[in-house]
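The values are calculated or read from the model by the stated rules, or taken from the named source; none is laboratory data. All values reported here derive from a predicted model rather than from experimental measurement. All Cβ positions, even for glycine, are placed from backbone atoms using ideal geometry, and neighbour counts span all protein chains on display. Areas reflect the complete protein model, heavy atoms only, side chains present, ligands, DNA and RNA absent. Shrake-Rupley method; radii C 1.70, N 1.55, O 1.52, S 1.80 Å.
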Amino acid sequence: MLKVLIACKNLSTVKTIINKILSEQKNLQLIGISNSLAETKEIIFKSEPDIVFTTDSHIITFLENNVNFYTPKIVLFSKNEPFYTDDRIMLILNYSMSFKEMCKHISSFIQQNVTDSKRELATNMLNELGFNFKLTGTVYLLDSILYASTYKGSYSFEQLKRDVYSYVAKQNNTNEDRVKWSITRSVNVMYDHLNRESYHVVEKYFGLKYPKRPTPKLVISVIANSLDN
């Protein structure tokens, strides 16, 4: 789940954002509501939300000047800004836009920017571990990691085939058995190219001692969880 902070002074607007917008986004988790910069700062430093929904443009300046350890995405609701503006960091939505339009733009913003950021990070991790992206199983593995990270709490790692591989299979027009076999092969190929000297990368990520072999479940769970840290 993607962590959301609502920074807004008007309680009625907060309720509207929750009831009309957040309730329509399945992969968002509300972690806090703030009505001042002080409260916003406290929640950001404590919980590191992925997205900040706000009606106060001053928060943008606050984040630029005070938060340098990570970059949350911003959804700004405004009466004065252009009707619709979207970049990799910020989405601006004018109040005159319908809730249906807002939800559509927010979904696209999350998919294109938040999810893509996690995809890039997960890809870098898999490359560091030595996974071969020419193998279909590595692509399935990446899809599994991103699904596990985004929909945390709505699946079971003990039931990977049922809860995760079924989703990946549907996305790739294949079946769960094929996904499972391909991911297992990808993990085995990665492991088979390691030796005692290069095994330190596996130790770094998974805390395993040579020559223990990482399992697909371990790879997916550890990397998925690390994307939120």
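Quick one: is THR40 within 22 Å of HIS105 (Cβ to Cβ) and part of a helix (DSSP H, G or I)?
So THR40 does not fit the description; no.
Check MET97 against each of (1) open to solvent by less than 40 Å² (accessible area, probe 1.4 Å); (2) over 21 Å from LYS3 (Cβ atoms); (3) at pLDDT 90 or above and name the one condition it does not meet.
(3)
Would you pick out the residues in the stretch 13-31 that are without any contact (Cβ under 8 Å) to a residue 60 or more places away in the chain and within 15 Å of ASP56 (Cβ to Cβ)?
Correct list: VAL14 only.
Within the stretch 110-120, work out how many residues are charged (D, E, K, R) and open to solvent by 70 Å² or more (accessible area, probe 1.4 Å).
2
Restricting attention to the stretch 1-20, which residues are in a helix (DSSP H, G or I) and open to solvent by less than 70 Å² (accessible area, probe 1.4 Å)?
THR13, VAL14, THR16, ILE17, ILE18
When the residues of the stretch 49-86 are filtered to those that are open to solvent by less than 70 Å² (accessible area, probe 1.4 Å), closer than 24 Å to LEU227 by Cα and among the charged types (D, E, K, R), which remaining residue is modelled with the lowest pLDDT?
Selected residue: ASP86.
Report, by residue number, each residue of the stretch 209-229 that is open to solvent by 20 Å² or more (accessible area, probe 1.4 Å) and part of a loop (DSSP other than H, G, I, E, B).
Hits for the stretch 209-229 are LYS209, TYR210, PRO211, LYS212, ARG213, THR215, ASP228, ASN229.
Run SER182 past the list (1) under 21 Å from the mean Cα position of the chain (by Cα); (2) open to solvent by less than 30 Å² (accessible area, probe 1.4 Å); (3) at pLDDT 95 or above and report the number of the one that doesn't hold.
The failed condition is (1).
Just to be sure before I move on: is LYS46 more than 17 Å from the chain's Cα centre (by Cα) and within 24 Å of SER226 (Cα to Cα) in the structure I sent?
So LYS46 passes the test.
The rows are residues; the columns are (1) modelled with pLDDT of 80 or more; (2) open to solvent by less than 30 Å² (accessible area, probe 1.4 Å).
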{"position": "ALA122", "(1), (2)": "yes, yes"}
{"position": "MET125", "(1), (2)": "yes, yes"}
{"position": "PHE133", "(1), (2)": "yes, no"}
{"position": "GLY137", "(1), (2)": "yes, yes"}
{"position": "SER149", "(1), (2)": "yes, yes"}
{"position": "GLY153", "(1), (2)": "no, no"}
{"position": "VAL168", "(1), (2)": "yes, yes"}
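Yes/no per residue for (1) within 21 Å of the chain's Cα centre (by Cα); (2) closer than 30 Å to SER221 by Cα; (3) part of a strand (DSSP E or B); (4) of a type in the set (Val, Ile, Thr):
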{"residue": "LEU22", "(1), (2), (3), (4)": "yes, yes, no, no"}
{"residue": "ILE59", "(1), (2), (3), (4)": "no, no, no, yes"}
{"residue": "ASN65", "(1), (2), (3), (4)": "no, no, no, no"}
{"residue": "ASN68", "(1), (2), (3), (4)": "yes, yes, no, no"}
{"residue": "ILE92", "(1), (2), (3), (4)": "yes, no, yes, yes"}
{"residue": "MET97", "(1), (2), (3), (4)": "no, no, no, no"}
